[in-house]
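The values are calculated or read from the model by the stated rules, or taken from the named source; none is laboratory data. Bear in mind that the values here come from a model prediction, so they are computed numbers and not experimental data. A quick note on method: Cβ atoms are made from the backbone with ideal geometry, for glycine too, and the neighbour counts reach across all protein chains shown. Protein only, heavy atoms only, side chains kept; ligands, DNA and RNA dropped before computing areas. Shrake-Rupley method; radii C 1.70, N 1.55, O 1.52, S 1.80 Å.
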Amino acid sequence: MIMTFLWILGVTFRFASYYGDHMVLQKKPAGAVVWGYGEAGANVTVSLSKDSKVIMKKMAPVEEHSETWKVVLAPMEHGGPYSVIAEQHSREEPKNLTLRDIYFGDIWLCSGQSNMEMTVSQIINASKELSEASLYPYVRVFTASLIQSEVELQDLAKIDLEWSIPTAENLGHGNFSYFSAVCWLFGRHLYETLRYPIGLVESSWGGTCIEAWSSGRVLQECGWWNLHTERFLRPSAAPHQLMLVLCHRFLLPTLLSGPKMPSVLWNAMIHPLLNMSLTGVIWYQGESNAFMNPDLYNCTFPALIADWRRAFHAGSDGQTQLLFPFGFVQRSHPSSVLLSDRDDRFPRIRWHQTADYGYAPNKRMPNTFMAVAVDLCDEHSRYGSIHPRDKQNVAYRLHLGARAVAYGERGLVFQGPYPTKVVVDGARGLINVTYGQELLLLLMHDHIFEVRSHPCQWVPAPMVSASSHTVTLSSPGCRDAVTRLRYMWAEWPCEYRQCPLYNKHLLPAPPFVIDSALKTGWASC
């Protein structure tokens, strides 16, 4: 409210929109970036103080063309509270601004669509989770408003939740409003492990496709413009209209509500944050792209990650790591009654979320981590089955990946078992699938594995036995040699936490498709 009032009065000396009391600034080894607006040609001094003692001072000029100033603080250890004072030296009387109750810690950006937007009040055990909010005063939260723009904005146009100490009210404000349950639970897990302040910045919007969050560079790299320029020139066939037609019979209004036009959320909700020093990003998106350009996602998603990394690194004057950690959720699935058995758009989007590797990190997506959520279905969710309410397991699995990838915790298992070798015993009609981790077998299944041999279609390969690391399948059907094998390639492959294969840490084996032509761990007897 204060920032809005200053803007109306035309007072130009101010911090950028997402600086405020109670915020977290990025700790060492990065230097925190502090920036704002001022009188062109003036100098601004930024001081950091604790207990009325000045710790450091930095000075920067107000740039003529942008009327902005920016300083990079010396790297600070985690902790606080500090005050940040900015003073403008100009021909007029000097002006001062002060931020209070500032802590240094790690900042994580949380983005995506409605499953990231779901608040703590919408998830299972909501009352308990909300009642415990006050136990975590050093996990600070901030939410950007839902704004779109046709041009890249310098600053956020509006804020839903300024930097705040968590309360039951701001964590459960309303449905698909501030604050994100996945983001909050992820940050809370990190705090419990790291025991220092965590800053959480939510910038998400339900019903949005990845193209809206992508810069023009990403879309150009993936050939998106070549595919869609003609459609945009013909309004009657605009891509967002096509998506509405495809999705209408399957998905809830909340999934359809967001903007679909390219780059409009990159412009308004990500680009303004680029000056921020941060630790990493978590991403929960993909539902909309199951119905819009699904087979382009294996390009657009890794390209978005690489582009965000370059942009945040440059915008923060090199303080945000060039390969900062990026976590994502391999999404669950909608109700089994909404999609036909032959509709594989959700299995395809899960596969493309991994750049067609099946796991993360991988060569195309370095320094990433994935939370598999395919077993966290919720057919009876009051928000529609596309919005499962178990966000606790999602956040827990994400935080394991962050601990291993972002924080380098050695020996921590953060992903489920994945095949290392497939041996086809054609004489006996058996297939042995060997995994790299010890398996926990919850149940046998007759059709969750499938095989294909030219020219046959996919046919079930029933599980016949299992050992600590190997699953043996029966290979009925075609007599020709098996050329492909896949697992959990279905819209609704299993019930809640009842997929066949996990590891001993109860992390599910992710879906996969293996092609013998790849010559990777594939042999025949």
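Take the residues of the stretch 306-319 that are surrounded by 22 or more Cβ atoms within 10 Å (Cβ to Cβ) and within 17 Å of the chain's Cα centre (by Cα): which is farthest from LEU25 (Cα to Cα)?
Only one residue fits best here, namely TRP308.
Show the residue pairs that are 6+ apart or on different chains and have beta-carbon atoms under 9 Å apart, the first residue being within the stretch 444-457 and in contact (Cβ under 8 Å) with a residue 40 or more places away in the chain, the second being of a type in the set (A, V, I, L, M) and surrounded by fewer than 20 Cβ atoms within 10 Å (Cβ to Cβ).
MET444/VAL464; MET444/ALA466
Out of the stretch 45-56, which residues are exposed (fewer than 14 other Cβ atoms within 10 Å of the Cβ) and part of a strand (DSSP E or B)? Talk me through it step by step, then tell me what you get.
Step one: of the stretch 45-56, the residues exposed (fewer than 14 other Cβ atoms within 10 Å of the Cβ) are 50-54, 56.
Passing the criteria: LYS50, LYS53, VAL54, MET56.
Given the residues GLU117, GLU64, which is the only one that is among the charged types (D, E, K, R), in contact (Cβ under 8 Å) with a residue 24 or more places away in the chain and open to solvent by less than 30 Å² (accessible area, probe 1.4 Å)?
Numbers: GLU64 fails: open to solvent by less than 30 Å² (accessible area, probe 1.4 Å).
On inspection, the qualifying residue turns out to be GLU117.
Given PRO81, PRO166, which one is buried (at least 22 other Cβ atoms within 10 Å of the Cβ) and free of Cβ contacts under 8 Å to residues at least 40 places away in the same chain?
Just a single option satisfies the conditions, and that option is PRO166.
Identify the residue in the stretch 357-403 that is at pLDDT 95 or above and of a type in the set (Lys, Arg) and, among all such residues, is surrounded by the most Cβ atoms within 10 Å (Cβ to Cβ).
Filtering first and then ranking leaves LYS391.
So TRP163 ticks every box in (1) touching a helix residue (DSSP H, G or I) at 6+ places or on another chain (Cβ under 9 Å); (2) within 30 Å of PRO61 (Cβ to Cβ) but one. Which box is left unticked?
Going through the list (1) touching a helix residue (DSSP H, G or I) at 6+ places or on another chain (Cβ under 9 Å); (2) within 30 Å of PRO61 (Cβ to Cβ), TRP163 breaks only (1).
Filter the stretch 247-266 down to the residues that are modelled with pLDDT of 90 or more and surrounded by fewer than 21 Cβ atoms within 10 Å (Cβ to Cβ) and list them by number. Give the derivation first.
Residues of the stretch 247-266 modelled with pLDDT of 90 or more: 261-266.
Scanning the stretch 247-266 gives a single hit, MET261.
Criterion first (in contact with a Ser or Thr (Cβ under 9 Å, 6 or more places away or on another chain) and farther than 29 Å from PHE291 by Cβ) does GLY411 satisfy it?
No, not satisfied.
Just checking, how many residues over the stretch 125-157 are closer than 17 Å to MET23 by Cα, open to solvent by 40 Å² or more (accessible area, probe 1.4 Å) and in contact (Cβ under 8 Å) with a residue 60 or more places away in the chain?
Of the residues in the stretch 125-157, 1 are closer than 17 Å to MET23 by Cα, open to solvent by 40 Å² or more (accessible area, probe 1.4 Å) and in contact (Cβ under 8 Å) with a residue 60 or more places away in the chain.
Taking the stretch 476-506 on its own, how many of its residues are farther than 22 Å from ALA290 by Cα and open to solvent by 10 Å² or more (accessible area, probe 1.4 Å)?
So the count comes out to 14.
Looking only at helices (runs of 4 or more DSSP H) that fall completely inside the stretch 118-195, which ones have 3 or more residues that are touching a Ser or Thr at 6+ places or on another chain (Cβ under 9 Å) and of a type outside the set (S, T, N, Q)?
It comes to 126-131, 181-194.
Can you name every residue in the stretch 156-210 that is among the hydroxyl-bearing types (Ser, Thr, Tyr) and within 26 Å of GLU287 (Cα to Cα)?
Quick first cut of the stretch 156-210, residues among the hydroxyl-bearing types (Ser, Thr, Tyr) only: 164, 167, 177-178, 180, 191, 193, 196, 203-204, 208.
Answer for the stretch 156-210, where residues must be among the hydroxyl-bearing types (Ser, Thr, Tyr) and within 26 Å of GLU287 (Cα to Cα): SER177, TYR178, SER180, SER203, SER204, THR208.
Could you tell me how many of the residues in the stretch 438-457 are in a loop (DSSP other than H, G, I, E, B) and either open to solvent by 60 Å² or more (accessible area, probe 1.4 Å) or more than 14 Å from PHE512 (Cβ to Cβ) (or both)?
The total comes to 12.
Six or more apart or on different chains, Cβ under 6 Å: which pairs go from a residue in the stretch 386-400 that's in a helix (DSSP H, G or I) to one that's not aliphatic (A, V, I, L, M)? Could you list them?
ALA395/PHE186; LEU398/PHE186; LEU398/GLY327; HIS399/PHE186; HIS399/HIS189; LEU400/PHE414
Table: residues versus (1) farther than 30 Å from GLU169 by Cβ; (2) at pLDDT 95 or above; (3) in a strand (DSSP E or B); (4) within 31 Å of the chain's Cα centre (by Cα).
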site: TYR82; (1), (2), (3), (4): no, yes, yes, yes
site: GLU87; (1), (2), (3), (4): yes, yes, yes, no
site: THR98; (1), (2), (3), (4): no, yes, yes, no
site: ILE102; (1), (2), (3), (4): no, yes, yes, yes
site: ILE107; (1), (2), (3), (4): no, yes, yes, yes
site: SER111; (1), (2), (3), (4): no, yes, yes, yes
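If you scan the stretch 414-437, which residues turn out to be open to solvent by less than 40 Å² (accessible area, probe 1.4 Å), part of a loop (DSSP other than H, G, I, E, B) and not aromatic (Phe, Trp, Tyr)?
GLY416, PRO417, GLY429
Could you give every pair whose Cβ atoms fall below 8 Å, whose first residue belongs to the stretch 490-503 and is farther than 20 Å from ASP344 by Cα and of a type in the set (A, V, I, L, M), and whose second residue is open to solvent by less than 40 Å² (accessible area, probe 1.4 Å) and not in a strand (DSSP E or B), counting only separations of at least 6 or pairs across chains?
Going by the 8 Å Cβ cut-off, the qualifying pairs are LEU501/GLY416; LEU501/PRO417; LEU501/ALA509.
So, in the stretch 7-24, exactly how many residues are open to solvent by 10 Å² or more (accessible area, probe 1.4 Å) and either in a strand (DSSP E or B) or without any contact (Cβ under 8 Å) to a residue 40 or more places away in the chain (or both)?
7
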